[in-house]
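Here, each number is a calculation from the coordinates, and none is a lab measurement. Source: prediction; values computed, not measured. Neighbour counts are summed over all protein chains in view; Cβ atoms, including those assigned to glycine, are modelled from backbone coordinates with ideal geometry.
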Amino acid sequence: MEETEAIRLRRVLSQARLGEYAAVCGGDPVMALRLFCWNTEVAGALYGPLQHLELALRSVVDQQMRQLLGRADWWDAPEANLHFAAQQKINDARGQLRRQAIPNTPEEVVNELPFGFWVGLLGSGNRYDQRFWRTTLHRAFPHYRGRRRDLHQQLDYLRVLRNKIAHHGPIHHRHLQADHETVVEVLGYIDLGLADLVRRYSPVGAVLNRRPPTP
């Protein structure tokens with residue numbers, strides 16, 4: 001690729017965003033664009049394992065909360081007593097369903113709730129540790145033997161990574177191999193077979209080996 005073409009594409013894509021890459025590439029526009037393209041590639045590779053984690057987390061936590069509170073719309077049970085941020089996410093999900101003319105069923109609400117909602121249920125919340133974790137949510141992670149707060153920290157770290165990817169942010173500066181290993185590790189807490197599936201078929205390792213050189 002020639003320098004003039006790289007400069008032109010920088011204007012098309014985003015001066016500000018490509019400027020972030022140029023800053024770590026010594027101002028070289030060609031090197032910056034290559035790093036940007038690789039960042040997109042590795043973000044796509046990581047999104048697959050993160051998607052498996054998000055779907056699995058949603059499924060197992062929802063199952064446990066249904067059993068605990070005895071209803072499919074468990075978030076509406078008075079004893080759920082979710083904190084304000086969680087309740088707002090539920091309201092947002094319902095609003096989104098109304099705008100799309102989708103029936104406001106418990107299953108559709110669950111599908112609409114973001115990753116952060118499920119991660120938040122493992123946080124401190126309104127005495128979530130005593131009311132949710134110790135009573136039932138620990139069963140969603142049969143292969144985990146650590147503390148709730150440590151698991152929540154791992155998941156929240158991955159939530160930040162997932163949101164960076166979803167908003168097309170730079171992730172090239174992160175320890176991406178460690179991020180990938182954390183995804184697989186947390187999946188293993190839920191289901192060892194699923195973790196092994198992701199480990200065997202994930203393209204992350206191959207993409208990491210193709211990282212372009214930077215100064």
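Things to note:
- Taking the longest Cα principal axis of the chain as reference, the axis of helix 3-13 is set at about 30 degrees.
- For the chain, the longest principal axis of the C-alpha atoms and the axis of helix 148-166 are separated by about 40°.
- Of interest is the spacing of the C-alpha centroids, which for the stretch 140-160 and the stretch 69-85 amounts to 22 Å.
- Cα centroids of the stretch 28-61 and the stretch 174-213: 11 Å apart.
- Taking every alpha-carbon pair under 8 Å whose residues sit at least 6 apart, the chain reaches a relative contact order of 28 percent.
- Most mobile listed residue (131, 98, 162) in the chain, GNM with C-alpha springs under 10 Å: 98
- Residue-wise HN-Hα coupling along the stretch 62-73, computed from phi with Karplus coefficients 6.51, -1.76, 1.60 (Hz; x: Gly, Pro): 4, 4, 5, 5, 4, 5, 5, 9, x, 7, 5, 8
- Sorting 25, 37 from the fewest to the most surrounding beta carbons within 10 angstrom yields 37, 25.
- If only the Cβ of Lys and Arg carry +1 and only the Cβ of Asp and Glu carry -1, the dipole of the chain around its Cα centre is close to 340 debye.
- Virtual paramagnetic centre 7 Å along Cα→Cβ of residue 98, amide N under 12 Å, in the stretch 66-84: none
- Cβ-Cβ FRET estimate between residue 66 and residue 23, R0 fixed at 30 Å, reported to 0.05: 0.05
- Working from label points 7 Å from Cα in the Cα-to-Cβ sense, the residue 131 to residue 143 distance is 3.2 nm.
- Cα long-axis angle, helix 84-99 against the chain (0 to 90 degrees, to the nearest 10): 80
- Taking other C-beta atoms within 10 angstrom as a stand-in for reagent exposure, 190, 90 fall in the order 90, 190, fewest first.
- More than 30 angstrom apart: percent of Cα pairs within the chain: 36
- Along the axis of the charge dipole computed for the stretch 46-203 (Cβ charges of +1 for Lys and Arg, -1 for Asp and Glu, origin at the Cα centre), the listed residues 168, 78, 53 are led at the positive end by 78.
- Only Cα sites of the stretch 91-146 enter the Debye sum here, all with the same form factor; the resulting log10 I(q)/I(0) across q = 0.13, 0.19 1/Å is -0.45, -0.77, listed in q order.
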